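Below is one structure, written out as structure tokens, with a few remarks after it.
The values are calculated or read from the model by the stated rules, or taken from the named source; none is laboratory data. Everything numeric here is computed off the predicted structure, so don't read it as measured data. Because the Cβ atoms are built from the backbone with ideal geometry, glycine has one as well, and the counts that use them run over all protein chains shown.
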Amino acid sequence: MKLYMQKRCCGIIAVICLVLIVVFVLNGCQGQKEKNDLPAASKSSFLMDTIVSMKVYGEKPDKVIEEAFQRMREIENEMSVTLKSSYIYKINSNPGEPVKVDSDTFRVIRKAITYAEITDGNFDPSIRPLVSLWGIGTENARVPARSEIEEAKRLVNYKLIKLDEEEKTVVLQKPGMGIDLGAIAKGYAADEVRRIFKKHRVEHAFVNLGGNVLVVGGKPDGSPWVVGIQDPRRERGSVMASFKVKDKAIVTSGNYERYFEKDGVVYHHIIDPKTGSPARTNLLSATIICDDSFDADALSTSVFVMGVDRGLELVESLNGVEVMFINKDLEIILSEGLKNKIKVLNQDFKLVGNDNDEQI
């Protein structure tokens, strides 16, 4: 069995990667020096089971960055599924009992349940039994027996998570259930980092929290940030498309991020709660662009599981949300608001349904 694991930071290659900063900035200003009189600082570290990188322009940027990393550490300590001191671990270890949690954890679980409702269960925070069963991304990855999958599926039901708004308690109503916030907690953390940036009046910054990219404002010279989308067939750093953006969150979910191969079959880490197995769609990746990383994180997983038709229908029903799909035929399918805004950098890929015949 072959085991592969790429952190979600390879899902999106943002301006965080120094090589790409050079490439995109030089292309954008045609070799002229970028205008920037603001103090700047950057930092990368391993946190929340991924590589986190950020760069901040403004007064006392080092202080801002340290506060941001401390906030992310707090969220990790609250919502980790493996830390015995976390609220999620306590919830999962005490089925049937109300577990009092902090406001962060309660808010994220409540939001996760909301997305479970609007996606008709294609996103489900109670998916932990299936994630544990498959073990994808760990040394214990395996293909479970069908009977094991069916047994674990019976434990996956977001409707059996009961919340008490007044007491801030969470109850799992069935023994063996488990909450996993891996598909939404990083989005919440990214938005909390942005809140810290705004508190310190930072107007230009970016953060890449394991593929959850969030940009504040534009570059210091007033131009937009340029975000590159990873070629899902290639090694990290291979960009197949780019677009310009200000004040947005960009999150990609893809079947190339963590997976293993058994008897010639590839099993990726994005589990469909309804089948109990890795989602079977024609997709390589799905990228969500919207105002908040909290939403983008949950939606990128949801639409990947749902597939193009239902995913597009969901996105088009939401205000201020856009999506870019890449399917196994190397076709790029865009929501209406992204059409004619994506620059294709690799001619192996073809834009479908773009208003222009030319690939921009």
Go through segment 187-244 and give me each residue that's under 17 Å from the mean Cα position of the chain (by Cα) and part of a loop (DSSP other than H, G, I, E, B). GLY210, GLY211, ASP231, PRO232, ARG236
Give GLY264, GLY237 a once-over and let me know the one that is free of Cβ contacts under 8 Å to residues at least 24 places away in the same chain and surrounded by fewer than 19 Cβ atoms within 10 Å (Cβ to Cβ). GLY264
Looking only at segment 181-223, which residues are at positive phi, out of contact with any strand residue (DSSP E or B) (no Cβ under 8 Å at 6 or more places or on another chain) and touching a residue at least 40 places away in the same chain (Cβ under 8 Å)? ARG201
Give just the number: which of (1) modelled with pLDDT of 95 or more; (2) within 26 Å of ILE179 (Cβ to Cβ); (3) among the small types (Gly, Ala, Ser) does SER42 not satisfy? (2)
Which count do you get for residues in segment 255-280 that are modelled with pLDDT under 90 and either among the charged types (D, E, K, R) or within 14 Å of the chain's Cα centre (by Cα) (or both)? 7
Answer yes or no: is there a residue in segment 57-68 that is free of Cβ contacts under 8 Å to residues at least 60 places away in the same chain, surrounded by fewer than 17 Cβ atoms within 10 Å (Cβ to Cβ) and not assigned by TED's automatic domain parsing to the domain that holds THR275. no
